[in-house]
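Heads up, the thing below is written out as structure tokens.
Read the figures in this text as sums done on the coordinates, not as results from a lab. All of these numbers come straight from a predicted model, not from anything done at the bench. Note: ideal-geometry Cβ built from the backbone for every residue, glycine included; neighbour counts use all protein chains shown.
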Amino acid sequence: MTQMNFTDKTKVAIIANGKYQSKRVAAKLFAVLRDDDAFYLTKKNPDIVITIGGDGMLLSAFHMYDKYLDSVRFVGVHTGHLGFYTDYRDFEVDELLNILRSDKGEKIAYPILKVTTTLEDGRQFTSKALNEATIKRIEKTMVADVVINKVQFERFRGDGISVSTPTGSTAYNKSLGGAILHPTIEALQLTEISSLNNRVFRTIGSSIIIPKKDKIEIIPKRQGTYFLSVDNKTYTHRNVAKIEYEIDKKKINFVATPSHTSFWARVKDAFIGEFDS
């Protein structure tokens, strides 16, 4: 048997949450892949990241490797409820191992969100989001201009604003009354959070689907402390000058597997389930 060179091996990172079942699955994967000459286990510049837990675990892994999106692919094992990003159940580990052994590098790509925050002193912070990014004002009602593709669209008053990706449309965006988008659609969705609408103050009052070429700008009109969330990360900034949202040039890549089922099947399973004929 010919010994494989290090450069010929597939570099794999295994990341699990702290639950007992997740640790058990991680231990099995680690033991099998460690003894397989085709793989090299490392968390440094991996080719494939296996997440074990749920969608939250995959979101965390995405942010761990968001600077390596051109070279890394993700695959998830869920050990709890059905997840939108996880293709395998905890009892399907052997099936996943067979897929990895026969892997040819195929991938499924979805768009992600780029968020740029500019403070009044000129400092800028850039983040990437797989699901969504939101802004809220902590002290009082948030007042902000919404600019879409350089058009001053509305002056928003309310609790906050969420901008989601297509894959994130089934998460917080849906709970706000936003539409569900298929994840292959390269678009953003802006959804208001408890906007004020009366005969004095008016907003569009519904979610807006914005194409890839357009940029969204949120320009706060009052000083204060703002609470910003990017997926499962949170930040607090004072005196935000503006926040820009746009489709990032990079995408997240998933390992293309037979278990990467129809998006609409996942939506049905998550929100509707079985129904009587």
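Kindly work out what percent of the DSSP beta bridges joining two residues of the chain are antiparallel, to the nearest 5. Before the final figure, lay out the partial values.
Values: 59 of 76 bridges.
Bridges in the chain that DSSP calls antiparallel: roughly 80 percent.
Given the options 220, 111, 166, state which has the largest fluctuation in a GNM of the chain using a 10 Å cut-off (strictly under) for Cα springs.
220
With the contact rule set at Cα under 8 Å and sequence spacing of 6 or more, what percent relative contact order holds for segment 113-249?
Values: 348 pairs, mean separation 43.9, N = 137.
Reported as a whole number, the value is 32 percent.
Using Cα atoms only, what is the angle between the long axis of helix 20-34 and the major principal axis of the chain, expressed in degrees (0 to 90) to the nearest 10?
In the chain, helix 20-34 runs at an angle near 50 degrees to the longest axis.
May I ask for the Rg/Rh ratio of the chain, computed from Cα atoms with Rh as the Kirkwood radius, given to two decimals?
Numbers: Rg = 20.9 Å, Rh = 20.3 Å.
That ratio is 1.03, to two decimals.
Once the piece of chain linking residue 269 and residue 225 is laid out straight, how much longer is it, given 0.36 nm per residue of separation minus the C-alpha distance between them?
Working: separation 44, 0.36 × 44 = 15.84 nm, distance 3.94 nm.
Result for the pair: 11.9 nm of gain on full extension.
Computed over the Cα atoms, what is the radius of gyration of segment 113-249 divided by 2.2 N^0.38 Å, N being its residue count?
Details: Rg = 13.7 Å, N = 137, 2.2 N^0.38 = 14.3 Å.
Relative to the 2.2 N^0.38 Å estimate, segment 113-249 comes out at 0.96.
Could you work out the local net charge near residue 141, counting Lys and Arg as +1, Asp and Glu as -1, over the other residues with Cβ closer than 13 Å to its Cβ?
Details: positive: 136, 137, 140, 155, 157, 221, 222; negative: 139, 159, 192.
Residues close to residue 141 contribute a combined charge of +4.
Under the 0.36 nm per residue contour assumption, what length would be gained going from the current alpha-carbon distance of residue 94 and residue 213 to full extension? Let's see the in-between values first.
Numbers: separation 119, 0.36 × 119 = 42.84 nm, distance 4.24 nm.
Between residue 94 and residue 213, full extension yields an extra 38.6 nm.
Relative to the longest principal axis of the chain, what angle (0 to 90°, nearest 10) does the C-alpha long axis of helix 55-64 take?
90
For the residue pair residue 140 and residue 42, what label-to-label distance in nm results when each label sits 7 Å from Cα along the Cα-to-beta-carbon direction?
5.6
In deg cm²/dmol and to the nearest 500, what is the mean residue ellipticity at 222 nm of the chain if only DSSP H runs of at least 4 residues count, each as -39500 (n - 2.57), divided by the residue total? Provide the component values of the computation, followed by the final result.
Working: 5 runs with 47 residues, N = 277.
Roughly -5000 deg cm²/dmol at 222 nm, from the helical runs in the chain.
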